[in-house]
Every structure is written in C-alpha cells, then in structure tokens.
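The values are calculated or read from the model by the stated rules, or taken from the named source; none is laboratory data. Predicted, not measured: the structure shown is a model, and the values here were computed from it. Please note: Cβ atoms are built from the backbone with ideal geometry, for glycine as well, and neighbour counts cover all protein chains shown. Surface areas here come from the heavy atoms of the whole protein model, side chains and all, with no ligands, DNA or RNA. Shrake-Rupley method; radii C 1.70, N 1.55, O 1.52, S 1.80 Å.
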Amino acid sequence: MPIQAPAAELVDKLVLANRILYDHGVVDGLGHASVRHDSAPDVFLLSCNRAPAMVRRQDIVCYNYDGDAVSSTTERPYLERFIHAEIYRARPDVVAVVHSHSPSVIPFAVTRQALRPVFHMSGFLAGGSAHFEIRESSGNTDMLIRSSYLGEALAKSLGSHTCVLMRGHGSTVVGTSIEQVVYRAIYAEVNARLQLAAHGLGDITFLNEEEAQMASDMNDGQIPRSWNLWVKRLGAIDLDA
Ligand SMILES: [Zn+2]
C-alpha cells in the first residue's frame with residue numbers, strides 16, 4: 001500500500017534544514033539531514049543524492065528502515081542512508097538526524113576523546129558523546145556506513161546519547177525535531193572548537209550533568225528564535241529550485 005504523503009510543512013522544513021546546515025559550515029558537498037514521517041513512523045524523509053545546499057522539495061524521498069525508497073523516485077539515494085534508517089529503527093524517541101563530516105569533531109573522534117559541554121549552548125552533550133569504531137564490526141573499509149549492518153552497529157554505539165563521533169569519518173547527532181537536530185549539529189561543531197581551545201589552556205571545568213540538563217531544557221525553549229534567524233540568513237530562496 002502506498003504511504004501517505006508527508007505534511008508539506010515537514011518537507012519545507014527539511015529543505016530549509018539542509019540549506020541552513022550548509023550556511024553554517026556543518027555540511028559541504030556531503031552530509032545529510034532527515035526527519036521521521038509525520039504519519040508513518042517507520043518511514044523517514046531524506047533527500048536523494050544531492051549536495052545539501054542544492055536540495056529542493058522535489059528531492060525529498062521517503063525511505064523505510066531497510067533504506068529502500070517507499071515513495072516514487074528515479075534518483076540515486078545517498079550511500080549512507082543506513083545511518084538514518086538504523087537510528088530510527090533503534091530509537092523510537094528520535095525524530096530527526098543529521099550526519100556530517102564537520103571538521104572540528106574529527107580530532108576528538110580519532111583520539112577517543114568525548115565531546116563534553118563547555119558552555120550552556122551545548123547542554124545536550126550531557127554525559128558526553130558516544131564513539132563509533134568501524135573496524136570493530138567490519139575491519140578495513142572506506143569508512144562509509146553503506147549497509148544496514150554498519151548502520152545497526154553505529155546505532156548501537158550511539159546508544160541513548162545525542163551525538164556519536166565516528167573515527168576517521170565525522171559525526172551524527174539526533175533530536176526530537178528538525179529545528180533541535182540542526183541546533184545540535186551546529187553547536188556540536190562549536191563545542192568541539194571551544195573544547196579544543198580550552199584544552200590548550202588548562203584543565204576544563206565542564207558543565208556537570210545537572211547543569212547540562214538544565215541548560216539543555218532552557219535552550220530547547222529558545223530554538224525557534226535561532227531557527228527564525230537561520231532562515232532569515234538564507235535570504236530570498238526558492239525551495240523548488
Ligand atoms: Zn559520512
């Protein structure tokens with residue numbers, strides 16, 4: 001049975017998310033954002049194989065947990081759609097996912113150092129980031145999550161965290177809305193820069209778990225303000241072109 005079309009507003013938000021993430025340097029030609037379908041919970045929306053800044057409404061495709069397209073498309077899919085598929089399968093609480101190769105997290109991923117909240121904007125990193133070592137499940141690879149098997153291994157490493165660093169590759173963040181996951185992707189990158197800078201100066205006092213949780217709850221209420229600014233920064237845009 002064909003699935004119901006997603007809400008037009010959800011598609012528009014996902015297109016905007018792609019462009020905002022590029023505008024903030026979180027994604028470049030690669031990287032992707034997805035959201036769970038609003039009326040078919042075991043389906044998610046993700047662009048076809050296109051650079052995030054060029055994603056249009058008509059590029060958004062619905063996929064199932066196996067990474068198969070369940071809406072009509074003739075376009076190539078992203079190789080790494082299994083990141084999204086397996087996280088949605090494993091985490092019913094997750095509504096949106098961003099995968100990127102944003103550069104500042106890479107030093108942490110290759111040294112198994114967790115990202116931890118250095119300021120209130122990154123309270124969502126309470127408990128620290130998770131770590132994924134692809135060699136443990138597949139030996140030597142091209143580092144990409146190109147199968148359900150690897151996606152499942154990544155989702156297992158993510159566990160109940162909000163962010164997983166992927167050694168030699170990048171990171172993936174999850175959230176309960178498109179706006180929140182874009183916020184988290186932007187501030188995971190900012191936190192990585194600040195944590196690295198602080199580390200060179202001396203011992204870091206991170207937000208403790210309680211501070212981080214309180215800051216995270218506060219920030220969640222402020223996300224619409226940031227989202228409106230990020231959309232405005234894009235200027236006059238056509239979501240169909
Ligand atoms: Zn990747």
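Stokes-Einstein diffusion for region 1-98 at 20 °C, viscosity 1.002 mPa s, with a Kirkwood radius from C-alpha pairs, works out to 163 µm²/s. Simple point charges give the picture: +1 on the Cβ of Lys and Arg, -1 on the Cβ of Asp and Glu, and for region 131-180 a dipole about the Cα centre of about 80 debye. The angle between the Cα long axis of helix 81-90 and the main principal axis of the chain comes to about 80°, on a 0 to 90 degree scale. Taking the square roots of 5 times each eigenvalue of the Cα gyration tensor of region 54-169, largest first, gives ellipsoid semi-axes of 25, 17, 14 Å. Each Cα pair under 8 Å and six or more residues apart adds its separation to the average, and for the chain the resulting relative contact order is 23 percent.
With θ taken as phi - 60° and the Karplus curve 6.51 cos²θ - 1.76 cosθ + 1.60 applied, the whole-hertz 3J(HN,Hα) list for region 59-72 is 8, 6, 10, 8, 10, 9, 5, 8, x, 8, 5, 10, 10, 5 Hz, x standing for glycine and proline.
The amide H of H131, built 1.01 Å from its N in the peptide plane, has L165 as neighbours under 5 Å, considering only residues 5 or more places off or on other chains.
Of all beta bridges that DSSP places with both ends in region 87-228, some 75 percent have antiparallel geometry. Using only Cα atoms, find the angle between the long axis of helix 178-199 and the longest principal axis of the chain, and express it within 0 to 90 degrees, rounded to the nearest 10. It works out to around 30 degrees. Solvent-accessible surface of the chain, averaged per residue with a 1.4 angstrom probe and all protein chains in place: 47 square angstrom. Remark: relative contact order (region 92-149) = 19 percent; criterion is Cα-Cα distance under 8 angstrom and separation of 6 or more residues.
Calculated mean residue ellipticity, 222 nm, the chain: -12500 deg cm²/dmol, from DSSP H runs (n ≥ 4) at -39500 (n - 2.57) each, averaged per residue and rounded to 500.
Test of understanding: in a Gaussian network model of the chain with alpha carbons linked when under 10 Å, which of R146, R81, R135 would top the mean-square fluctuation ranking? Sorting by GNM fluctuation, first place goes to R135. Protein-only accessible surface at a 1.4 angstrom probe places the residues F119, F132 in the order F119, F132, largest first. For S47, the amide hydrogen comes within under 5 Å of the amide hydrogens of A33, V61, counting only partners 5 or more places away or on other chains and with H modelled in the peptide plane.
Each residue of region 50-56 was assigned a 3J(HN,Hα) from its phi angle through the Karplus curve 6.51 cos²θ - 1.76 cosθ + 1.60 (θ = phi - 60°); the sequence is 9, 4, x, 5, 10, 5, 10 Hz, with glycine and proline shown as x.
I'd like to compare 212-223, 169-180: which one has the highest average count of other Cβ atoms within 10 Å, and what's the full order after that?
Result, highest mean first: 169-180, 212-223.
The phi torsions of region 115-126, fed into the Karplus equation with coefficients 6.51, -1.76 and 1.60 and a -60° offset, translate into couplings of 6, 9, x, 8, 8, 4, 5, 10, x, 5, 8, 3 Hz, rounded to whole numbers, with Gly and Pro shown as x.
GNM remark for the chain: springs join alpha carbons under 10 Å apart, and the peak mean-square fluctuation among V61, V98, V231 falls on V231.
Ligands, DNA and RNA excluded, the heavy atoms of E136 present near 140 Å² of accessible surface to a 1.4 Å solvent probe.
A crude spin-label estimate for the pair R112 and Y149, with each label 7 Å from Cα along the Cβ direction, gives 2.4 nm.
The angle between the Cα long axis of helix 209-233 and the longest principal axis of the Cα atoms of the chain comes to about 50 degrees, rounded to the nearest 10.
Dipole magnitude for region 71-227: about 400 debye, using +1 per Lys or Arg Cβ and -1 per Asp or Glu Cβ, origin at the Cα centre. Here the ratio of the Cα radius of gyration of the chain to 2.2 N^0.38 Å is 0.97.
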